[in-house]
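The values are calculated or read from the model by the stated rules, or taken from the named source; none is laboratory data. None of these values were measured; they are calculated from a predicted model. Note that each Cβ is placed from the backbone with ideal geometry, even for glycine, and that neighbours are counted across all protein chains shown. Side chains are part of the model used for accessible areas, which takes the heavy atoms of the whole protein and leaves out ligands, DNA and RNA. Shrake-Rupley method; radii C 1.70, N 1.55, O 1.52, S 1.80 Å.
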Amino acid sequence: MKNYVNAAESFGMLCAVDPALVDAHLMAHAGLAREDIERLRKLYAAIAGPLKEHMMLLLNSGISINAIDALADAHEDVQVSAVKMLDASKVLRIDEICGAQRTARSQG
């Protein structure tokens, strides 16, 4: 999981220079599909934004890549709740993130 987050951080830094060139390079040389690149883009946006100050907690929590992806897609309120759960040493599952995201969407 740490490598996945590191890849997203590197991706974000490279995209700051030339996003189209980075996308083309990853598709041609790393075999990534456009959906994979969008995943990295969303993850980078989340870890560069609201989740940035909690990265060590996330990395040390043992949270799955699928849960990290769901968290990256989640509303900021859901991200804050997830961080609080992890900070309280609770296990965070992908279904909990998705359920909280559905609740946040229905309320907003």
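For beta carbons closer than 9 Å, sequence separation of 6+ or different chains, a first residue in the range 1-30 that is over 23 Å from Met56 (Cβ atoms) and a second that is open to solvent by 50 Å² or more (accessible area, probe 1.4 Å) and among the acidic types (Asp, Glu), the qualifying pairs are Leu26/Asp36; Met27/Asp36; Ala30/Asp36. A Cβ distance below 8 Å, combined with a sequence gap of six or more or placement on separate chains, defines the contacts here; from the range 88-99, residues that are in contact (Cβ under 8 Å) with a residue 12 or more places away in the chain reach residues that are assigned to a helix (DSSP H, G or I) and β-branched (Val, Ile, Thr) in the pairs Ile97/Val78. Here is the figure for the range 34-59: residues that are of a type outside the set (D, E, K, R) and loosely packed, with under 11 Cβ neighbours inside 10 Å total 1.
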